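Read the figures in this text as sums done on the coordinates, not as results from a lab. All values reported here derive from a predicted model rather than from experimental measurement. Ideal geometry is used to build each Cβ from the backbone, glycine not excepted, and the neighbour counts take in all protein chains shown.
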Amino acid sequence: MQIMYFSERPYVGIPEDEIIKRRSFFGMPNSFFDADRGSQLLNEYIDEKIYAEELGFDAVSLNEHHGTPFCMVGVMNVEASILARVTKKIKIVLLGNPLPVVGNPLRLAEELAMIDLISKGRLVSGWIRGTPCESIFNSAPAVYNRESFNEAHELILKAWTQPGPFRFEGKHFHYRFVDPWVLPLQKPHPQIWIPGIISPESVVWAAKRRYPYVALGTATEATAELWNLYSKVAAEEGYQAGSECFGFMQKVFVAETEEKAEELGRLDMFGGNWNNYGRPEWMSLPGYNSKETIRKFARGATLIPLSQVNEKTSIEDAKKAYYGNSFDNARKGGFLLVGTPKTIIPKLQRLIRTIRPGALGLCQNDGPIGREARLTSMRLLAEEVMPALRETAKEVGIVDSFECKPGSRPLPASGTPDPVIDRELLSAAG
Amino acid sequence: MAQQQPENGWHEEKVRTAGADFSVVKGPQGGKPLLVLHDELGYPGWFKWHTSLAPEHTLIIPGHPGFGRTPRLEWISDVRDLASAYARFVREQSLSPIDVIGFSLGGWLAAEMAVADPKLFRKMVLVAPTGIRPPHGEILDLYNYSVRNYLKAGVPDWEHNAEFSTLYGGPQDTLELIEMWEDARSETARIAWKPYMYSDSLPFRLAGVASVPTLLIWGSEDQVVPPSAGESYKSAIPGSRLVVLRGVGHHPEIERPVEFVEQLENFLR
């Protein structure tokens, strides 16, 4: 099992009320950005990744968001390039490049190839659609989000695997001379992982291409549903899905005492966290979601539950709405694991036994918790939690996508795929 | 949501042309036909000005392909494409030369049709059309606002406007409206996303439509398409007339319906 370290790399230093009163992390005026602080934080976050290697994590995963203090890294390939050179063995997992908004996928193919070469073959390439806010920031129309995702994917794979020069005429991308000189070290190309939250379309798409699917902190029930769907599609494609096809990102924060962990863990809700990622008008950009999803939103079953917060809502009421019982619910629902290694380990072990991920991302608290506390959490995770998790993974026979090529397992003779999750544990949890 | 259309003579029919089944609302036979091109949020239903105009004009109100009532045409990717579909509509329905009125995006659409073939139209009315980059200010970005706030920006006095609430309901958006707006906003994104709501070449191309008498109607307080764009339209279309209504926003047809109808009737005589 690959154990990855992940963090959103938030910009710390904006008064919380300034974020709350704008009803959004995205679109925070950059007059609040202090370059000295930005410089310090970006360096600290890179140092954290180097520390993750020292601590024995298998991988660091990176992401990017645009125009938001929620995640400072707008261009993760810059970060990945540095890590490619200064680290030695840790895998660099990009979750992921937002294909529909990058504008020039051929340039992306070049950047990723360079990262793979400089890192001597340690790149895992991950591709996403990006939140609607990324479409706003990059002026990429959401109506063409999925179309341009598919087309950019096709182009990059061709650029990496088909001898050039050749011409590429798509609907959204047009290149008269595709012949990137620099190609990835890993052949035929670096592994491609597809991260996602709720979209069954993405799961089906990944399963058809035998790409591992990484669920980003979804509830265990929902995760099981998505992975069963993956397994069903895999069977239709003629292969048995296994742990090598799945990854899971878990939010976790560890401290030396329960009290401290809870106190610092609560800071994860700073600014409303994901509840306040972007205003509904930005998050519901037309064409991004299917009609069915829109109907769900309209009925109130929604990712944007906060339409009751508007420009007239007081900061206090908005905060209540954004926070709600989020911290307690997140803990209860297992979205956020907060505690000491002793209390965290059994929860993570249970998760591993239930959904059997080949890659497990441990996602550090997004709030303003301070450098020392972050490093302590990392150290405790590495020194005390990770060994126990590795043991469990071994015990239940989890292999990752480097040990077993995704899509290479034959289906059982009966044609019915073996289960990819532990149903008994799942129903016991339910 | 929207007001139901009156029974007497009004009906909705399918018109198959340009590869699409256009859904077209038609008024009673009342005289010269008038083609009505709706704005970027689709056709919300019955307007009072329709009734006022009906005795003298036969209103023809198609739903643009992709805006909900009429299915999307995959090949349409900009306003000129849409204009070419509509040019076929007018020709194949033997409507030319017809009077046309276009609102906001529908105004830009009418202008593109006139540029492509001035013979399509007898007279043209553009109500706060998008399509030209305003020399001062910017066209309000539909994608930066909730639909409700966008509509409110269009009608400064919306709180006291009875027709506004009849058309757009409130305070909760109905599922029906949400779905129509999703379609309309998606299709508008396909055809006008970048640059947003204008064509750099339109002012130059409009020089060729001198033969189409054109009335431009603008509200002095338009927050959606700045009135400076009205001056640009006036300079671009030889012989056109610009009427600026004081204290009015982006929707003179519901903000000042009597004055609006008067202007139309005088011009379309």
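Tabulated results
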read-out: Every residue from the range A:375-402 that is touching a Phe, Trp or Tyr at 6+ places or on another chain (Cβ under 9 Å) and either surrounded by fewer than 23 Cβ atoms within 10 Å (Cβ to Cβ) or not in a loop (DSSP other than H, G, I, E, B) (or both); value: A:LEU375, A:SER377, A:MET378, A:ARG379, A:LEU381, A:ALA382, A:MET386
read-out: Residues within the range A:18-66 that are in a loop (DSSP other than H, G, I, E, B), among the small types (Gly, Ala, Ser) and crowded, with 19+ Cβ neighbours inside 10 Å, tallied; value: 1
read-out: Positions within the range A:398-430 being touching a residue at least 24 places away in the same chain (Cβ under 8 Å) and of a type in the set (Gly, Ala, Ser), in sequence order; value: A:SER401, A:GLY407, A:SER408, A:GLY415, A:ALA429, A:GLY430
read-out: Counted residues, the range A:365-374 - those being exposed (fewer than 15 other Cβ atoms within 10 Å of the Cβ) and part of a helix (DSSP H, G or I); value: 2
read-out: Some residue of the range B:201-214 being of a type in the set (Gly, Ala, Ser), more than 14 Å from chain A (Cβ to nearest Cβ), out of contact with any Asp or Glu (no Cβ under 8 Å at 6 or more places or on another chain) and under 30 Å from A:ASN289 (Cα atoms); value: no
read-out: Tally, over the range B:142-160, of residues that are assigned to a helix (DSSP H, G or I) and touching a residue at least 12 places away in the same chain (Cβ under 8 Å); value: 8
read-out: Test: residue in the range B:85-103 that is assigned to a helix (DSSP H, G or I) and more than 21 Å from B:ARG205 (Cβ to Cβ); value: yes
read-out: Candidates A:GLU134, A:GLU154, filtered to the one that is within 23 Å of A:ARG209 (Cβ to Cβ), within 14 Å of chain B (Cβ to nearest Cβ) and charged (D, E, K, R); value: A:GLU134
read-out: Residue within the range A:99-110 that is without any contact (Cβ under 8 Å) to a residue 40 or more places away in the chain and within 16 Å of the chain's Cα centre (by Cα) present; value: no
read-out: Set A:TYR175, A:TYR144: member being away from chain B (no Cβ under 14 Å), among the hydroxyl-bearing types (Ser, Thr, Tyr) and in contact (Cβ under 8 Å) with a residue 40 or more places away in the chain; value: A:TYR175
read-out: The range A:244-277, subset in a strand (DSSP E or B) and hydrophobic (A, V, I, L, M, F, W, C), residue farthest from A:GLY334 (Cα to Cα); value: A:PHE246
read-out: Filter pass, B:ALA153 being away from chain A (no Cβ under 14 Å) and hydrophobic (A, V, I, L, M, F, W, C); value: no
read-out: Test: A:LEU41 is of a type outside the set (Val, Ile, Thr) and free of Cβ contacts under 8 Å to residues at least 40 places away in the same chain; value: yes
read-out: A:GLY126 being away from chain B (no Cβ under 14 Å), under 22 Å from A:ARG210 (Cβ atoms) and in a strand (DSSP E or B); value: yes
read-out: Conditions (1) over 18 Å from the mean Cα position of the chain (by Cα); (2) away from chain A (no Cβ under 14 Å); (3) not acidic (Asp, Glu): number failed by B:GLN172; value: (2)
read-out: Residue identified as away from every other protein chain (no Cβ under 14 Å), in a helix (DSSP H, G or I), acidic (Asp, Glu) and surrounded by 13 or more Cβ atoms within 10 Å (Cβ to Cβ) among B:GLU163, B:GLU179; value: B:GLU163
read-out: Matching entry among A:SER284, A:SER290, A:SER231 (being out of contact with any Ser or Thr (no Cβ under 6 Å at 6 or more places or on another chain), hydroxyl-bearing (Ser, Thr, Tyr) and crowded, with 24+ Cβ neighbours inside 10 Å); value: A:SER284
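Each row is one residue, and each column tells you yes or no for (1) over 30 Å from A:SER135 (Cα atoms); (2) in contact with an Asp or Glu (Cβ under 8 Å, 6 or more places away or on another chain).
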| site | (1), (2) |
| --- | --- |
| B:ALA87 | yes, yes |
| B:VAL100 | yes, no |
| B:GLU112 | no, no |
| B:ARG133 | no, yes |
| B:ASN144 | no, yes |
| B:TYR150 | no, no |
| B:GLY170 | no, no |
| B:ASP173 | no, no |
| B:GLU176 | no, no |
